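Comments concern the structure below.
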Amino acid sequence: MKVLIAGATGNTGARLVSELAERGHHPVALVRESSDTSVLPEATEQRLGDLTDLQDDVASDCEVVVFAAGSGGDTSAEMTDKVDRDGAIDLIDKAEKNGVRRFVMLSSVGTENPDPDSDLAHYLQAKHDADEHLKASDLEYAILRPVALTDDGPTGSVILGDEVDARGKAARGDVAVLLADAVEQDEWAGAVRLMQTDY
């Protein structure tokens, strides 16, 4: 399948690009002019685009879109809104118009009911709004909500569902594998899953 990945040069997105390529899919990396594309596998197709100003045909000829982007932990509330909320919502709308079948969202634990007293309150609310917009769309959706991320590779030992410890950790390698599963597998259609690595 041809899969557009927003956030493809990020720490998790680059792992996902490699995982999809290894599985025989055709990943398309959505990149900005300033993106460090050296983290991508050689010959990865690149599509120029910025989540704050997307082209109407950004997802054309792609069957699946994955949103694995993020404004980063040190950005302003305004940039969080522009990327994590508005950018995601815009990509969802354009994916729908471009005839995309499935949209996979990398979300976060805590987005179902954002805690207004949390240090991450603004971020979680932005992700919540994007998730809800996706669920209300006509796209087939899959939403993965990991706990705090580490830079570890895939362990193959994950916990999904209600047994997840919100204070636990999730390896980016495991997240990338699960996102690739969500691209491929029918059982992910319409799923919203909490996730942690079983360290």
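Readers should treat all values here as calculations from the given coordinates under stated rules, not as data from a laboratory. Small disclaimer: the values here were computed from a predicted structure and weren't measured. A quick note on method: Cβ atoms are made from the backbone with ideal geometry, for glycine too, and the neighbour counts reach across all protein chains shown.
Odds and ends about this structure:
- Per-residue Cβ neighbour rank within 10 angstrom, fewest leading, Thr12, Thr111, Thr150: Thr150, Thr111, Thr12
- For segment 2-197, the alpha carbon convex hull comes to 112 Å³ per residue, rounded to a whole number.
- For the residues Pro41, Pro116, Pro27, a GNM of the chain with alpha-carbon springs under 10 Å puts the largest fluctuation on Pro116.
- Largest GNM mean-square fluctuation among Ala14, Ala180, Ala43, using the chain with Cα springs under 10 Å: Ala43.
- For a straight C-alpha distance cut-off of 13 angstrom, the aspartates and glutamates reachable from Lys169 (same-chain residues fewer than eight places away being disregarded) are Asp151, Asp152, Asp198.
- Radius of gyration and maximum dimension Dmax of segment 1-107, Cα, Å: 12.7, 38
- Max mean-square fluctuation residue, GNM over the chain, Cα-Cα springs under 10 Å, options Asp84, Asp138, Asp93: Asp138
- Geometric descriptor of segment 136-199, per residue, is 89 Å³ (volume of the convex hull of the Cα atoms).
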